[in-house]
Amino acid sequence: MKADSIGESRGVLVKMVNIHKWFGKVHALKGVDFEVKHSEIVGLVGDNGAGKSTLIKVLSGVYLAEEGEIFFEGRRANITSPGDARKLGIETVYQEQALAPNMSISRNIFMGREPTKALGFMDKKAMDKASMEALRNIRLDVASPDLLITVLSGGQRQGVAIARVLHFEAKLVIMDEPTIALSIKEAHQVLEFIKQLREENISVIFITHNLYHVFPVAERFVILGSGEKIADVEKKDTSIDHLTELIVREPSRL
Ligand SMILES: Nc1ncnc2c1ncn2[C@@H]1O[C@H](COP(=O)(O)OP(=O)(O)OP(=O)(O)O)[C@@H](O)[C@H]1O
Ligand SMILES: [Mg+2]
């Protein structure tokens, strides 16, 4: 196989080069390079304020970087809105999950992107069928697509958010602290969903403070510290202790 600048056998899905982001006088990202390969799970870790959320918000079109380039599947991508990112197949599951609690599972999966029949009526049957299929794909067992989000556990809610991205054929799923407010059992369930995404050949960026959650599922770890990339290591070359040490060692610049 030909080895070229865009990676080796597995191929690079997304590549961010020299990304700079300012918030007023705060230099939140200082020339960060970051890449994700096809069906790779990357753990993005680092202390509070390191720039993790800012980096993925640049990738998902929430923020515009002042400097830097993004390549998607080898092509220069101009991501200026969340819609641009979605069109490329980049979907985000946020820290503060945006599900409508008093709406059904299937309405939540399709929110804003409902299939319609003639005269513009929502095609509920198609939505229900596709919702159950997406839930089955991540092995989330629910009795009915009509259940309201309020009756679901935190883990199941994350499952609905993940099923949503699965249905819309994401190539890359970004998860910002998906396990933060969950019980041990629920967090475990979310980790299982993430593994299912990988089996569907979807790449994942998993942001967390909990190295015990990310270590078993990610293959590579990128550590940010004060807006800079301070390490980029394969799992085989590191350990939870080593990653902790790298994060702690980073001098805080208050
Ligand atoms: N909307 C904003 N306006 C101003 N400053 C911001 C904004 N968002 C982030 N920042 C600043 O940019 C820096 C990076 O923040 P960011 O939220 O990306 O960190 P993080 O690594 O996601 O942290 P955490 O682990 O706490 O979520 C911080 O100094 C933060 O205060
Ligand atoms: Mg954050």
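Computed values, structure above
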| item | result |
| --- | --- |
| Helix 184-199 vs. the chain, principal-axis angle (Cα, 0 to 90°, nearest 10) | 90 degrees |
| Proximal lysines to LYS195, defined as alpha-carbon separation beneath 16 angstrom and excluding residues fewer than eight positions away on the same chain | LYS37, LYS171, LYS185, LYS235 |
| Antiparallel DSSP beta bridges within the stretch 104-254, as percent of all bridges there, nearest 5 | 60 percent |
| Those aspartates and glutamates that a straight Cα-Cα span of less than 19 Å connects to LYS117, excepting residues fewer than 8 apart in one chain | ASP128 |
| In degrees, nearest ten, helix 124-137 long axis to first principal axis of the chain (Cα) | 50 degrees |
| For the stretch 1-138: span of alpha carbons on each principal axis (Å, largest first) | 48, 46, 29 |
| Given the chain, longest segment not containing exposed loop chymotrypsin sites (Phe, Trp or Tyr not before Pro) (DSSP; at most 15 other Cβ within 10 Å) | 1-120 |
| Degrees separating the helix 240-249 axis from the principal Cα axis of the chain, which is the longest one | 60 degrees |
| Distance cut-off 28 Å, percentage of C-alpha pairs in the chain lying past it | 35 percent |
| Kirkwood hydrodynamic radius over Cα pairs of the stretch 17-62, then Stokes diffusion coefficient at 4 °C and 1.567 mPa s, in µm²/s | 112 µm²/s |
| Rounded if a/c under 1.5, otherwise prolate or oblate - the stretch 164-254, Cα gyration tensor axes | prolate |
| Student exercise, the stretch 197-252 dipole from Lys, Arg, Asp, Glu Cβ charges, in Debye to nearest 20 | 40 debye |
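Bear in mind that the values in this text are calculations on the coordinates, not laboratory data. In this text the structure is predicted, and so the values were computed from the model without any measurement. When we count neighbours, we look across all protein chains shown, and the Cβ atoms used for this are built from the backbone with ideal geometry, even at glycine.
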